[in-house]
Each structure stands twice: as structure tokens, then as C-alpha cells.
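Have a look at the structure below before the remarks.
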Amino acid sequence: MREVPKSKQYAIGWYNEGIAHLGIRDYEEALSFMDRALGIVPNHPDFLIGKGDVLYAMERYDEAFENFRNAIREEPENRSAWLKAGLCLLKLNKFVDALEIFEYLLKGDAYDGELWFARGVALLNLGQKEEALESFRNARRLKPDQPALWHALASLEEDHGEAIELLKRGHSIDPTNLDIMLALAGRFLVLGLTEEARLWCSRAEALYSGNRRLEEVARRCPPAI
């Protein structure tokens, strides 16, 4: 972490509180603590990244991107800020700009599995499926413990059984991943296995009650008789 003046080091405590609340998905409190830290030390790159992480979790991607971009301005060599800015661009459907960031970062570290995965997502959305698959293979080799990687691989799998196995592998890494639970419910619905689909919706509802995407999938599950 960049040095904080001794007279203002209590701001680090606010930042750490924000990280703790982010970890338990108490996003409003997390955001409040990050704002307090930035109020004491404006433009501190770590605090900006922390606030960006909270906003990203809240799906406020435009605002998250601005925080990551400001962190880059303060600390241009901060690879984490660059990567997270690129991930925001993916969420904002700015795939060309995101790809440019990922390829720039890969020039400095070709063994970063997260970067290979992110590059693959950008390429896939740009219609470059074969290059995307190659990126995903590199990600699988270098960092297989990325739940989103297994979700992406499953999305390319036409065989529902194979896709379900890939999704379950991702779920075993992160049992709270909403995208994976919704994808599993969707695959089981296509197969006509409504009980299994309902089970995955129920698991998701226990964690993400009120989520719009979850509600859309749950409406497709017939009620239990």
C-alpha cells in the first residue's frame, strides 16, 4: 500500500473496515467506509481501488471504472487497477477497449491466468471464438481456480451434460457464484428437469433474494406440487 501520512493513518482503519464489509456483502457500509478513507486521503490509489471494488460488486460499473481509472492516474504501474478497469469495460460491453488493456498487461506477464481469462471473454464477445478458446485454455492451465472460467467454458458447450459438469466444477470453487447457479438452473430447465432447476434457484435465493436476474429464471420454474 502507498504510504499514508502518520497523522492520517487512521484512514487505513476505515479502508480495512470497508474491505471487511465488502467480504460479507454489506455494500452500503463498505462504500461508506471507503468514502471516509478517501475523505482523509483523497486519491490514494488503494482506497480508490477499494471503492471501485465495492461499486463493481454493486454492479455500478461506470462508477467503478472511474475509480479504477483515477487509481491508474495516481499510480500508472498498478496492474491491479488496470485489470479491474478492463473488467469494468467488459461489463460495459466495451470489448475492444477491454481487449486492448488485457493485451497490454499480458506483454508484461504472459503467465497471468486471470488476464488470459479476461482476454478470452473480450475475444468471445467480439466473435473471435477460436482465439477465445485458446485464451481460456491458457487460463485453465495457469489458474484453474477461477469460477467464471468454468462458467465461460460451459457457455461454449453444446452438450448439456458436459456443461453441467463444468458448471458444477465452478460451483465447487465458489458456492456463492450467482452466474453459475443461474446457468445450472437454466440447463436443467432445458432438459426438463424442473426439480433440479428449482433446487438451484432456491440456493441462489438464499443468498441473492430480490436479484432481478434470479427472479427471471425462477419464474420459469413451475411451482412444486
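The values are calculated or read from the model by the stated rules, or taken from the named source; none is laboratory data. Treat the numbers as computed from the prediction; the structure is a model and nothing was measured. Positions of Cβ are backbone-derived with ideal geometry, glycine not excepted, and every protein chain shown enters the neighbour counts.
All told, LEU133 meets the bar of being assigned by TED's automatic domain parsing to the domain that holds LEU99, aliphatic (A, V, I, L, M), touching a residue at least 12 places away in the same chain (Cβ under 8 Å) and assigned to a helix (DSSP H, G or I). Out of ALA206, ALA197, ALA148, one residue alone is of a type in the set (Gly, Ala, Ser) and farther than 23 Å from ILE24 by Cα. It is ALA197. Of the residues that make up the range 92-101, is at least one acidic (Asp, Glu) and outside the structural domain of LYS6 (by TED's automatic domain parsing)? Yes, the conditions are met somewhere in the range 92-101. Comparison of LEU214, LEU178, LEU207 shows that the only residue that is within 19 Å of the chain's Cα centre (by Cα), surrounded by 19 or more Cβ atoms within 10 Å (Cβ to Cβ) and hydrophobic (A, V, I, L, M, F, W, C) is LEU214.
Among residues of the range 89-109 being outside any helix (DSSP H, G or I) and touching a residue at least 24 places away in the same chain (Cβ under 8 Å), the one that is farthest from TYR56 (Cα to Cα) is ASP109. The number of residues in the range 178-196 being in a loop (DSSP other than H, G, I, E, B) and either of a type in the set (A, V, I, L, M) or modelled with pLDDT of 95 or more (or both) comes to 2. Residue count for the range 155-177, restricted to those that are in a helix (DSSP H, G or I) and over 23 Å from ALA206 (Cα atoms): 5.
For ARG69, the conditions (1) buried (at least 18 other Cβ atoms within 10 Å of the Cβ); (2) under 18 Å from the mean Cα position of the chain (by Cα); (3) in the same structural domain as TYR27 (by TED's automatic domain parsing) all hold with the exception of (1).
Taken over the range 47-65, the criterion of being out of contact with any Leu (no Cβ under 6 Å at 6 or more places or on another chain), part of a helix (DSSP H, G or I) and farther than 24 Å from LEU106 by Cβ is satisfied by GLY50, LYS51, LEU55, ALA57, ASP62. For the condition farther than 30 Å from ARG213 by Cβ and not in a helix (DSSP H, G or I), ARG36 does not qualify.
When ALA139 is tested against (1) surrounded by 21 or more Cβ atoms within 10 Å (Cβ to Cβ); (2) under 24 Å from ARG213 (Cα atoms), only condition (2) is not met. Output yes when any residue across the range 46-55 is surrounded by fewer than 17 Cβ atoms within 10 Å (Cβ to Cβ) and in contact with a helix residue (DSSP H, G or I) (Cβ under 6 Å, 6 or more places away or on another chain), and no when none is. Looking through the range 46-55, none of the residues is surrounded by fewer than 17 Cβ atoms within 10 Å (Cβ to Cβ) and in contact with a helix residue (DSSP H, G or I) (Cβ under 6 Å, 6 or more places away or on another chain).
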